[in-house]
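Here the structure comes first, spelled out in structure tokens, and everything after it is commentary.
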Amino acid sequence: MLPITKYRISNDTLTVNKFIDDDTTVIQTYSINQLTGNNPNTLIPNYLITKTFWLGTDKFGRDILSRLIIGTRVSLTVGIIAVLISLTLGIILGALAGYYRGWVDEVIMWLVNVTWSIPTLLLVFAITISLGKGFWQIFIAVGLTMWVSVARLIRGQVLALKELEYIQAAKALGLKDSRIIVRHILPNILGPVMVIAAGNFATAIIIEAGLSFLGIGVQPPQPSWGLMIKENYNFIITHNPLLALIPGFAIMLLVLAFNLLGNGLRDAVDVKS
């Protein structure tokens, strides 16, 4: 397919203005008989097609709206996987540290403090380099950097709940520690967990976009909002800034949506209110 701005038919010749840039076209001529196999009546409309790109196209002629919609899958997937990994590690380690205290608490909190002292992007860089560039590697790398905040929150909540009367009663009845943690403690801290899960979801989307912008996240031609900003950010100061601003607005709206969702879930599952 050839992008054109206009065409003219003269006898057996089709003359087109090939689109190069907004102010640049190249005139090219084609033989109608060669194009149509000596059947010129099929030239129009079979060979001249009009398409509408609602958000425009990038420098390769790809539809921005289609790439924006497909790129949503990347952002939602990285959020889901990162939240699952961070919640799994954070809840297990945080609950063990808060419930058993002693050397278990000291070891886990030492690991939390060491992990937290490393800048997030630097840690993601290291994990991504060790796992390799790819679609799934970046999701795992983001998830492995976000569990520390979950672990500290869970530890604090467990420390507060384990001294309450109903936990002491459960211990007096001889219930196993695993049953007390899973059946009696964790359901009562579901509200804060939901809030931090939604926050981690939003943070994972931003981290993935930043990594894709830096070139170590999702690799082309796979569409990603961060990659779309990287490919088109130089147009911000020229004639078409929307090529980079549109995926940026998409990131902003999705992050805002999950932050609002987290606040709503907190109010819905808050057992104390």
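The values are calculated or read from the model by the stated rules, or taken from the named source; none is laboratory data. Quick caveat, the model's predicted, so the values are computed rather than measured. Ideal geometry is used to build each Cβ from the backbone, glycine not excepted, and the neighbour counts take in all protein chains shown.
Of Thr120, Thr72, all but one fail to be touching a residue at least 60 places away in the same chain (Cβ under 8 Å), under 23 Å from Leu153 (Cβ atoms) and of a type outside the set (A, V, I, L, M, F, W, C); the exception is Thr120. Based on this model, can you work out whether Ala151 counts as touching a Leu at 6+ places or on another chain (Cβ under 6 Å), buried (at least 21 other Cβ atoms within 10 Å of the Cβ) and not charged (D, E, K, R)? When the stated conditions are applied, Ala151 passes them. Note on region 234-247: among residues that are touching a residue at least 12 places away in the same chain (Cβ under 8 Å) and closer than 15 Å to Phe60 by Cα, the one that is nearest to the chain's Cα centre (by Cα) is Ala244. Sub-8 Å Cβ pairs linking a first residue in region 2-15 that is within 19 Å of Asn38 (Cβ to Cβ) to a second residue that is part of a loop (DSSP other than H, G, I, E, B), at least 6 apart or interchain, are Ile9/Leu43; Leu14/Leu43, ordered by first then second residue.
Summed over region 10-32, the residues that are touching a helix residue (DSSP H, G or I) at 6+ places or on another chain (Cβ under 7 Å) and surrounded by 13 or more Cβ atoms within 10 Å (Cβ to Cβ) give a count of 2.
So in region 130-183, with the set limited to residues that are hydrophobic (A, V, I, L, M, F, W, C) and in a loop (DSSP other than H, G, I, E, B), which one is farthest from Gly199 (Cα to Cα)? Ranking the candidates gives Leu173 first.
Taken as a whole, the structure places Val83 among residues that are in contact with a Phe, Trp or Tyr (Cβ under 9 Å, 6 or more places away or on another chain), surrounded by 14 or more Cβ atoms within 10 Å (Cβ to Cβ) and not small (Gly, Ala, Ser). Scanning for something among the polar types (S, T, N, Q) and either in contact (Cβ under 8 Å) with a residue 12 or more places away in the chain or outside the structural domain of Leu121 (by TED's automatic domain parsing) (or both), does region 179-197 turn up at least one residue? Yes, there is a match, as at least one residue in region 179-197 is among the polar types (S, T, N, Q) and either in contact (Cβ under 8 Å) with a residue 12 or more places away in the chain or outside the structural domain of Leu121 (by TED's automatic domain parsing) (or both).
Of all residues in region 224-255, those that are surrounded by fewer than 21 Cβ atoms within 10 Å (Cβ to Cβ) and not in a helix (DSSP H, G or I) total 6. In region 125-157, which residues are touching a residue at least 60 places away in the same chain (Cβ under 8 Å) and aromatic (Phe, Trp, Tyr)? Correct list: Phe125, Phe135, Phe139, Trp147. Would you tally the residues in region 219-273 being within 30 Å of Pro192 (Cβ to Cβ) and among the basic types (Lys, Arg)? Selection size over region 219-273: 2. Just one of the listed residues (Ile140, Ile129, Ile154) is farther than 30 Å from Trp225 by Cα and in the same structural domain as Val218 (by TED's automatic domain parsing), namely Ile154.
Take the conditions part of a helix (DSSP H, G or I) and either out of contact with any Ser or Thr (no Cβ under 8 Å at 6 or more places or on another chain) or within 20 Å of His184 (Cβ to Cβ) (or both) and apply them to Leu123. Does it pass? When the stated conditions are applied, Leu123 does not pass them.
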